[in-house]
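The values are calculated or read from the model by the stated rules, or taken from the named source; none is laboratory data. Bear in mind the structure is a predicted one, so any value in this text is a computation, not a measurement. Counting neighbours? That spans all protein chains shown, and the Cβs are built from the backbone with ideal geometry, glycine included.
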Amino acid sequence: MFLAQTINTPADLKNAVGFGVGIMMIIGYAYAVLLIIQGLLQERGDGQWKYTIAKGIALFASSGICNLLFSHFFPGQTITVSFN
């Protein structure tokens with residue numbers, strides 16, 4: 001909400017979106033690491049630990065894949081992820 005008050009130009013909007021994406025990436029990376037650790041510590045009797053590790057790796061890789069798709073479908077447009 002506080003970012004909406006400071007947006008006056010398209011460049012300000014891109015900076016605000018980049019800041020929001022940066023926050024989401026931090027949360028996603030942390031959750032992915034926790035999933036991988038959880039999968040490594042789970043009981044090996046069932047096959048659920050493999051799926052947990054696969055989910056963690058997929059979540060970790062999803063931000064890179066989204067960035068590639070964005071650059072492919074919108075060439076020349078960039079959103080810089082900033083951690084201010």
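Points to keep in mind about this one:
- Within the range 21-40, residues that are under 21 Å from C66 (Cα atoms) reach partners that are surrounded by 16 or more Cβ atoms within 10 Å (Cβ to Cβ) and among the basic types (K, R) with beta carbons closer than 9 Å, at six or more positions or on different chains, in the pairs A32/K55; L35/K55; I36/K55.
- Within the range 9-46, being in contact with a Phe, Trp or Tyr (Cβ under 7 Å, 6 or more places away or on another chain) and among the small types (G, A, S) holds for G22, A32, G39.
- Within the range 31-84, tally of residues that are modelled with pLDDT of 80 or more, surrounded by 10 or more Cβ atoms within 10 Å (Cβ to Cβ) and not polar (S, T, N, Q): 21
- Flag for A16 being exposed (fewer than 13 other Cβ atoms within 10 Å of the Cβ), small (G, A, S), assigned to a helix (DSSP H, G or I) and out of contact with any Gly (no Cβ under 7 Å at 6 or more places or on another chain): no
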